[in-house]
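Encoded as structure tokens, the structure appears first; notes follow it.
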Amino acid sequence: MNGPVVEFRGVSKRFPGVLALDNVDVEIRPHEVVGLIGENGAGKSTLLKILSGVYQPDSGDLIVRGESRHLATPRHAAAAGIGMVHQEQSLIGTVSVAENILLGAEGSSVRGGVYNWKDLNQRAQRMLSKIDSQIRPTDRTEDLVLAQRQMVELAKALAVEERGDHEPVIVLDEPTSVLDGDDLETLFAEIERLRDIASVVFVSHRLDEVLRVSDRVYVMKDGRVVAERDPKAVDIAELYRLMVGRETAGEFYREDEQLEVDGAPDVIKVEGLGRKGAFKDVDLRVRAGEVVGLAGVEGSGREALSRALFGAEPFDVGQVLLDGARLKLGSPSDAVEAGIGYVPAERRVEGVAMGLSVEDNIVLADPGTISRRGIVIPSRRRQVVAEWIDRLRIKTVSTQTDVANLSGGNQQKVTLAKWLSSPRLRVLILDHPTRGLDVGAKEDVYTFIRKACAQGLAIILIADTIDETIALSHNVVVFRDGEITARFSAAPGRKPTQVQLVEAMV
Amino acid sequence: MSQVQEGARPAAPANPDASSTRPAPRVAWSRRLLTAGPPIALIALIVIFGAANSRFLSGSNARGIADQTAILLVLAIGMTFVILLGGIDLSVEGVMATSSLVVALLAANDRNSNDYGMLAVLAGVAAGALFGLVSGLLHTRLKIPSFMATLGMGAVGIGIATVLFAGRSPRVLDEGVRSWGLDKWWGFSPLTYVAVAVLIIGWLIQRFTRVGRYGYVIGGAEGIARLSGIPIMRYKTLAFIISGSTAGLAGAMAASRLGVGDVLIGGGQMFATITAVVVGGTLLQGGRGGVHKTAIGALIIAVLANGLILVGVEPYVQRSVQGVVIVIAVAATGWSLRTRTRTIK
């Protein structure tokens with residue numbers, strides 16, 4: 001067959017408030033490695049989810065081997081020969097490698113509910129041999145190291161070819177985010193090997209890797225494919241420009257409202273903080289009214305650090321000082337007691353309490369402000385809640401509305417109000433505060449950050465994008481593999497460029 | 001908006017080992033404890049009680065322990081399948097009650113003229129399976145938490161048993177049924193052989209069938225199982241049917257041993273059963289454990305009960321000792337799962 005194995009023809013997908021895919025054309029040809037890059041929210045994941053049967057397109061055609069197909073479930077996608085290697089681990093630790101590889105597709109190895117282990121192991125071994133792995137089908141999956149698990153994931157994806165008599169399409173979603181050094185080389189060798197027996201879609205943040213392994217690269221932006229390039233005729237800088245598109249206006253981020261912080265007193269100081277396997281030797285200080293942005297790729301240690309500073313995860317060495325006094329951070333409640341607030345990235349799970357009213361959510365973190373000797377004073381409570389709904393312009397039908405019914409932006413404001421309504425608050429840790437918000441809600445968050453600074457709050461920010469990090473921060477600290485690799489001053493009018501940051505990140 | 005990084009939860013650091021090499025043993029101590037702890041505890045108990053009272057190690061006492069373990073082991077093997085899925089079956093005592101009365105009233109007895117012999121035992125098991133089926137359907141179709149669905153079914157079982165009981169225990173007169181509870185085969189009660197047979201069957205199910213294997217998969221990560229197209233409800237329901245059947249069999253075994261059908265025949269068994277499963281090393285969260293571990297757990301409970309009597313501990317103190325044991329076991333087995341923000345409900 002000479003035509004493409006998979007073809008997206010004019011595919012669009014809309015979610016409430018956002019056009020995730022806008023008339024996308026992509027084709028994957030036989031024995032080809034297709035690179036797919038794009039920013040957060042550019043539509044890559046939506047594209048992959050349509051390919052793997054998790055989502056269905058609103059319009060347009062998905063053509064697999066010349067036939068228009070409707071992939072209603074992940075099982076349909078697997079039957080069509082499309083195998084996914086997910087970004088998150090999708091293996092079960094307590095069963096064997098063979099069971100994982102053929103999970104839900106045991107087929108001839110299970111007759112009448114009874115396992116034929118020999119047959120199952122042989123079939124799994126065939127998959128493992130294809131990628132030249134020494135892992136045994138009988139190994140217990142949880143005994144494998146991460147890189148080996150990745151190989152098992154690969155073998156599992158390859159196993160889709162058993163369901164049909166055609167060569168599979170293997171989708172690698174950020175396969176390199178957990179690998180480094182030799183493991184990375186092994187993976188690249190695997191991709192070369194896959195080229196002979198399958199078509200590959202390779203998604204990664206590391207542009208150099210995409211250039212290295214791909215035969216063709218698609219660049220996505222704002223739900224559209226904006227470019228298709230030959231890796232031999234393009235460099236990282238050009239890819240990056242295509243991906244980012246434009247210089248973002250400083251106005252959007254309220255840069256003119258950013259205040260100088262020189263001479264402000266230190267609020268929180270982190271000295272030599274470390275946790276094995278997550279981050280080490282972290283020194284930080286955040287002054288009153290300052291935003292310190294933590295930059296880095298996934299797993300660079302910045303998220304773990306932010307959670308450690310909130311007491312949600314432990315640290316092994318080092319200390320955290322608040323106003324010069326050493327803090328005990330044994331749990332989130334220690335942090336709250338000390339005046340540290342945390343706006344988590346998982347807003348719907350960790351940020352707001354679904355099922356509780358707007359009012360209940362706002363007063364959740366510091367009941368002390370609305371009560372005396374443990375007894376809530378209703379008038380005080382109403383007053384505090386009304387004040388914050390007004391100040392943050394939270395759009396809600398009433399104070400008693402369930403937060404689950406609010407839009408993402410308004411939920412985020414409720415989370416912010418929860419912390420801000422506490423008079424004790426000194427430090428606010430913002431973990432992806434604008435994730436999943438529309439443009440208007442983002443601007444509200446930016447405005448809020450500027451105002452909070454003006455009131456002398458110290459803010460530690462993990463932003464969604466590099467732009468955001470640079471624009472909102474006074475200082476940017478770049479993490480890589482758990483260590484700080486660079487520090488940039490990003491004071492008003494002296495912003496570093498994105499390229500400078502990216503160089504330190506990868 | 002421009003960006004290059006996508007935030008997400010921090011991934012675990014990459015391991016430098018080349019993937020093509022054999023895996024280095026990387027077994028955490030907490031998991032070793034889960035595997036080696038129960039056998040070590042069992043041996044330690046035997047040594048301690050043996051030292052404290054020489055009668056403990058005698059052949060007749062050992063056989064007594066084995067016979068005492070039989071009913072508990074049967075119950076615990078069925079329970080293991082449910083706990084592996086992260087559920088729990090609290091209907092054990094009610095199911096035993098109904099089953100014992102079904103057996104006593106269908107076999108030759110002093111209440112009616114039925115005389116179905118060993119078929120009565122089968123009916124008891126079938127009654128248990130039916131309870132399991134209903135519990136499983138309530139849990140999976142109506143999305144009732146398993147503890148609540150089975151607690152309700154347990155009460156239903158007690159209720160049905162009370163109606164059948166009608167004020168007086170029916171006595172089993174059937175020679176065949178009674179002989180299983182009273183005879184000795186090579187020094188052991190026939191019921192002990194039944195328990196061993198159930199253990200072997202349970203292990204075979206766990207090792208070689210979909211119900212068994214998918215128990216680990218669903219208990220380990222239900223989301224992954226669902227995305228793999230595994231019919232989760234079916235396998236969950238099957239686990240409850242297995243647990244119901246073993247409870248039904250246990251009720252029949254108790255009726256055969258005591259010679260009566262009784263509402264309170266399973267009194268105290270539910271707690272001992274859950275303790276046996278957990279002490280054996282099956283995680284209450286599911287996904288990890290197995291019937292072979294449960295066998296050790298059941299022996300620990302039986303040895304503890306027997307040993308405490310021999311060293312002169314009051315019987316009513318024993319219940320407290322069991323309570324302490326289960327709390328310690330749950331804390332020890334769940335040690336590796338502790339994180340500060342984990343929610344325990």
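The values are calculated or read from the model by the stated rules, or taken from the named source; none is laboratory data. Bear in mind that the values here come from a model prediction, so they are computed numbers and not experimental data. Counting neighbours? That spans all protein chains shown, and the Cβs are built from the backbone with ideal geometry, glycine included.
Please determine, by comparing only the residues of region B:197-220 that are surrounded by fewer than 17 Cβ atoms within 10 Å (Cβ to Cβ) and β-branched (V, I, T), which one is nearest to B:V82 (Cα to Cα). Among those that are surrounded by fewer than 17 Cβ atoms within 10 Å (Cβ to Cβ) and β-branched (V, I, T), it is B:I201. Count of region A:107-121 residues, restricted to those that are more than 8 Å from chain B (Cβ to nearest Cβ) and touching a Phe, Trp or Tyr at 6+ places or on another chain (Cβ under 9 Å), is 2.
Just checking, does region A:39-54 include any residue being assigned by TED's automatic domain parsing to the domain that holds A:V225, part of a loop (DSSP other than H, G, I, E, B), in contact (Cβ under 8 Å) with a residue 24 or more places away in the chain and surrounded by fewer than 15 Cβ atoms within 10 Å (Cβ to Cβ)? No: region A:39-54 contains no residue that is assigned by TED's automatic domain parsing to the domain that holds A:V225, part of a loop (DSSP other than H, G, I, E, B), in contact (Cβ under 8 Å) with a residue 24 or more places away in the chain and surrounded by fewer than 15 Cβ atoms within 10 Å (Cβ to Cβ). Restricting attention to region A:406-414, does a residue exist that is surrounded by fewer than 24 Cβ atoms within 10 Å (Cβ to Cβ), more than 27 Å from A:K221 (Cα to Cα) and over 19 Å from the mean Cα position of the chain (by Cα)? Checked against the condition, which is being surrounded by fewer than 24 Cβ atoms within 10 Å (Cβ to Cβ), more than 27 Å from A:K221 (Cα to Cα) and over 19 Å from the mean Cα position of the chain (by Cα), region A:406-414 yields at least one hit. Among the residues of region B:62-115, the one identified as of a type in the set (S, T, Y), within 27 Å of B:L238 (Cα to Cα) and part of a loop (DSSP other than H, G, I, E, B) is B:S91.
Residue-by-condition table, conditions (1) hydrophobic (A, V, I, L, M, F, W, C); (2) at the interface with chain B (Cβ under 9 Å from one of its Cβ atoms); (3) more than 13 Å from A:K13 (Cβ to Cβ); (4) in contact with an Asp or Glu (Cβ under 7 Å, 6 or more places away or on another chain):
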| residue | (1), (2), (3), (4) |
| --- | --- |
| A:G38 | no, no, yes, no |
| A:R65 | no, no, yes, no |
| A:T73 | no, yes, yes, no |
| A:A78 | yes, yes, yes, no |
| A:I82 | yes, no, yes, no |
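Starting from region A:360-387, take each residue that is surrounded by 13 or more Cβ atoms within 10 Å (Cβ to Cβ) and list its partners that are in a helix (DSSP H, G or I) and among the small types (G, A, S), counting only C-beta distances under 7 angstrom and pairs at least six apart or across chains. Partner pairs satisfying both residue conditions: A:I362/A:A417.
The residue that is nearest to B:G281 (Cα to Cα), among those in region A:95-107 that are at pLDDT 85 or above and either surrounded by fewer than 18 Cβ atoms within 10 Å (Cβ to Cβ) or under 27 Å from the mean Cα position of the chain (by Cα) (or both), is A:N100. Here the condition is being closer than 29 Å to B:N112 by Cα, modelled with pLDDT of 90 or more and part of a helix (DSSP H, G or I); of B:V194, B:V198, it holds for B:V194 alone. If the condition is being surrounded by fewer than 19 Cβ atoms within 10 Å (Cβ to Cβ) and in a loop (DSSP other than H, G, I, E, B), then region A:271-287 contributes A:K276, A:G277. Checked against (1) free of Cβ contacts under 8 Å to residues at least 12 places away in the same chain; (2) more than 26 Å from the chain's Cα centre (by Cα), A:L425 passes all but a single condition, namely (1). Residue count for region B:62-81 satisfying the condition of being over 21 Å from B:S256 (Cβ atoms), in contact (Cβ under 8 Å) with a residue 24 or more places away in the chain and surrounded by fewer than 18 Cβ atoms within 10 Å (Cβ to Cβ): 0.
Scanning region A:122-134 for residues that are within 13 Å of chain B (Cβ to nearest Cβ) and on the phi < 0 side of the Ramachandran plot yields A:L128, A:S129, A:I131, A:S133, A:Q134.
Between A:L364, A:L428, the distinction of being within 28 Å of A:V291 (Cα to Cα), away from chain B (no Cβ under 14 Å) and not in a loop (DSSP other than H, G, I, E, B) belongs to A:L428 only. Out of A:A312, A:A304, A:A308, one residue alone is of a type in the set (A, V, I, L, M), under 27 Å from the mean Cα position of the chain (by Cα) and not in a helix (DSSP H, G or I). It is A:A312.
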